[in-house]
1. With a Förster radius of 22 Å, plug the Cβ-Cβ distance of B:S289 and B:T246 into 1/(1 + (r/R0)^6) and report the FRET value to the nearest 0.05.
2. Distance from a point 7 Å along Cα→Cβ of B:K213 to each backbone N in region B:243-285: keep the residues under 15 Å and list them by number.
3. If you count only protein heavy atoms with a 1.4 Å probe, what accessible area per residue comes out for region A:58-361, rounded to a whole Å²?
4. In whole Å, largest first, what are the principal axis extents of the Cα atoms in region A:391-452?
5. Would you work out the relative contact order for region A:58-361, in percent, from Cα pairs under 8 angstrom that are 6 or more residues apart?
6. Could you give the radius of gyration (one decimal) and Dmax (whole number) of the Cα atoms in the protein assembly as shown, in Å?
7. If each DSSP helix of 4+ residues adds -39,500 (n - 2.57) and the sum is divided by the residues in chain A, what number results at 222 nm, nearest 500 deg cm²/dmol?
8. Run down the lysines and flag those whose C-alpha is under 24 Å from the C-alpha of B:K499, throwing out any fewer than 8 positions away in its chain.
Amino acid sequence: MKVKVISRSEQDFTKERTEDVQKVYRNLDPALHPFEKAHEYTRALNAAKLDKVFAKPLIGALDGHADSVSCMAKNPRRLNCLLSGSMDGDIRLWDLAYRRTIRQFPGHRGAVTGLAVSHDGEHFVSCSSDCTVRLWSLPQTEMGEASGTDIETQEPVVTLQGKNGFRALDHHWKGPLFATTGAQVDIWDHNRSDPINSFSWGSESVISVRWNPAEPDVFATTGSDRSIVLYDMRVSTPLRKLIMQTRCNALAWNPREAFNFTVANEDCNCYTYDMRKMKSALCVHKDHVSAVMDIDYSPTGREFVTGSYDRSVRIFEYNAGHSREVYHTKRMQRVFCAKFSGDATYVLTGSDDTNIRIWKAKASEQLGVKLPREKGKQAYMEKVKQRYKFLPEIKRIDRHRHVPKAIYKAEKLRQTVANSDRRKDDRRKRHSAPGSIPNIPARKKKIVQELE
Amino acid sequence: MAATGVEGPPPRKKARKSDGSADTPKPSLEEAQAVIEKQQQKDTRKKAVKYNRGPQTKLKGIQDKKLKGQLRATEKLYGEAATSAAKVEQWLLPAEAGFLEAEGVERTQNYRQEAILPHLDLTSQRKIFDLRLPDLGPYSLDYTRSGRHLLVGGRKGHLAIMDWARAQLVTELQVKETTRDVQFLHNESFFAAAQKKYVYVYDKRGIEVHCLKEHTDVLKLGFLHHHFLLASVGKYGVLRYQDTSTGAIVSQHKTKLGRCGVLGVNPYNAAVGLGHSNGTVSFWSPNMSTPLVSLLCHRGPVTALAFDVEGRHMVTGGIDGQVKVWDVRKFQPVHAYFSPQPAQALDVSQRGLLTVAHGSTVQVWQDALKTKAKSPYLTHRLFDNSAIADVAFCPFEDALALGHSGGFSSIIVPGAGNPNFDSFVANPYETKKQRREAEVHLLLDKLQPETITLDPYWIGGVRKAPKELQKAQAAAEAEANRKAALQAGKEAALKNKAKGKSKPTKKHRKKQLNIIDNKKATVSADLASKQLKRKQESAVEDSDADMLRSSALARFYKR
């Protein structure tokens, strides 16, 4: 007789000393793991619900300005540093980790309209409606240095006088150059008192300017004549001009696909364009219900943040028609500036209520250092949620966002208007000679003209 | 150079060949390793079949490139997961299953437990024992999922939980009431007992926690582990489901088939099977007030019912003396065995061993589900001719527990249990902390009762449109295509190529030709099918002719 029976000794399956790790044995036989899909679905549902439970995006507010925040600038060399300018001419340097003002930069007698930190992070420039541009040296402070209650002030290095008020400003990504806009576009050098170059196309004022992060000599502006203009420093005249139906308030280049840029338009939408083919937008990003005031790309280039006059902040995927996230609070007023932090984890917004707010880019993300097991678990939950996201219950929970009543109603109204427009269009087409009314896609609808 | 080549030693290959003619060639180390590796890969591939999640998606007809890419990536991931799981099985599973082999003319069914005993190690020897409790029996039993704890309930109200592998009594109580069945809930800390009138829930200290007054006159209990549902059926033939995590009665179904004392839970889809006195077995889910399926299994009442672990087979025993094996996916009988007395209790072990118990005899059958077995694997007779009441295989152990009128017995059945447990599913060596954590995870992963169906994999799948609808859609599509083709033909601009070809009549005819295009395709398809048919017919005729030629009538066949 040959006999073998299962015989386990308890020592082999339990830990010897208390400080040992518990022994774990896996048997992946499907018979031991029934209802695999049903369990996965349950976990996905739980993950979707937990995401809602943990969705607490507002981290804090930076208060100190006495008037509404008009512009912000982040330091390309440091993560914890932020500059902000307000309508009363005040400029402040913030320590983001401690949420304190480190330094104040008095001098401007009108609203600060533009701020930009130099490529090396040692200087910054500001422009104002008082017709001056000021160059400041940026103090190199350590984290948490600003411990006292009294705030130091600092004088500008250079003050440059212009003829007209300035509307916007951006610093070059490589050299000591910066561009200001207003009545025309001026290119300045840190070491010169006069602009080294000036561009103008038409007589309308230019509202915003952004340098291309990849191609150092290229920049784009938006103007109050509803135009988007592309410039190259190497040639004396602007390259190309696109006129839309409504004006664009801001522009941001996609840092990963630097030939693409997105504009924040007055008509509540954002439009992504390819600078090589401007006949049609790549994508129309809808969801705001009032003019979009500012836009900034995440350093990953996969998403961007917009601030709007409708008192909300939205985060869009770079290729999505609708927003991924909407942020609002009871006290936040019109949002004038929005920035993604340098590590793509936070979103900073400055609004009419004189506050700068810090938000998480992913509303339910756990911040701080995570244990490997936590990471694994979260990745698993994310994956399961992704897998079952089309199931109605999960979709409903995942998509739901509470918005203020005003926005909700405005959304409804806009929907009604859009529907009625579409209906009218359809009827017009049906009652006209076939082909006499062309079918214009939404991506082209708002483009009026392209000039070379 | 050429000259030296000719004069030099012959190439290596040739030399080996000449050696090989003398004696068998010795493979080099690398070659041997390559052969072994190949064999291992083959084994892994064979083992991976088990871990594949259904048949692969066919990518051929998919037009959408993005979807195709995603599906391809998913399939690849599934393949990798299956391979790695097979490798885990091959290398990391610590133990192998037990076995019992006879030598010479001996047969395993003749081995008694006393004969097996001396061949076992000390710990296994302790698993063969009898508890003589003649006054309180017959006993019903239940193991926890890990097989660590055993719950016994005597008819006269004696309830006990044992840490049976360590031979420790955890708790013992006397409820002084008829107790018909006992059932552990999600772990060893709670159990339910079907008593004279109601079902009671006790904790592991033996303290009565709940009295479930909705469950009246219950004869049999069952527990759905993944759904936290306690199912009961009794004298009045009402099947009740109670959620043990929330306490709510989920549903109550009247079977309308009278007294019912046979209940089994299919571990694959959590459908509850009930054996009725009219010989039918009905399958129930909490969501339907009528049975999902009803099977006529026996002539006369059904006495016992068991499912295998994978939920593929069901075994039923009837008063007609038959023990039948059913395919639960097709609802068809597979085999039938005859038992001298009606089977009182049935159970299927994790590795597919079947126990049939009647009177004071217990038979264990090996390979009796997939194939028809000729003779039992083991037989056992209870002491003092006690009558069997309940049998249960211990999960992850080679032990079989027998509850009978004389008390309780445990015997060894080599090869019954799965030798490798999964710590996250059922861990026999669970610590208190692990048990608490597992409980939380069980509750988080609890499945809703609404999801109980015959096919547990419908969730997340796509329900196809009914065939009639599909046909109607296809017809509408074809009609639209035809119309579009007609329109296109009419609108097509004709070229004025040659003299005399652009006459109005010819133009019209050409247009007609264009129109016919679509029709032409159908006509040609028709023609092709007709031709094929004709060919097949002729082939049949040919074969007839061949038959004629080979038969006795061949000589009359005209060549």
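The values are calculated or read from the model by the stated rules, or taken from the named source; none is laboratory data. This one's a predicted model, so the numbers in the text were calculated from it and none came from an experiment. When we count neighbours, we look across all protein chains shown, and the Cβ atoms used for this are built from the backbone with ideal geometry, even at glycine. In case anyone asks, the SASA skips ligands and DNA or RNA and just uses the protein heavy atoms, side chains included. Shrake-Rupley method; radii C 1.70, N 1.55, O 1.52, S 1.80 Å.
1. Result of the calculation: an efficiency of 0.55.
2. Under 15 Å, as judged by backbone N against the label point of B:K213, lie B:249 of region B:243-285.
3. That works out to 38 Å² per residue.
4. Computed over region A:391-452, the largest-to-smallest principal extents equal 45, 37, 28 Å.
5. Working: 915 pairs, mean separation 41.6, N = 304.
The value is 14 percent.
6. 40.7, 125
7. Values: 6 runs with 76 residues, N = 452.
Here the helix-only value at 222 nm equals -5500 deg cm²/dmol.
8. Counting by Cα, and skipping residues close in sequence, B:K499 has these lysines nearby: B:K490, B:K507, B:K510, B:K511.
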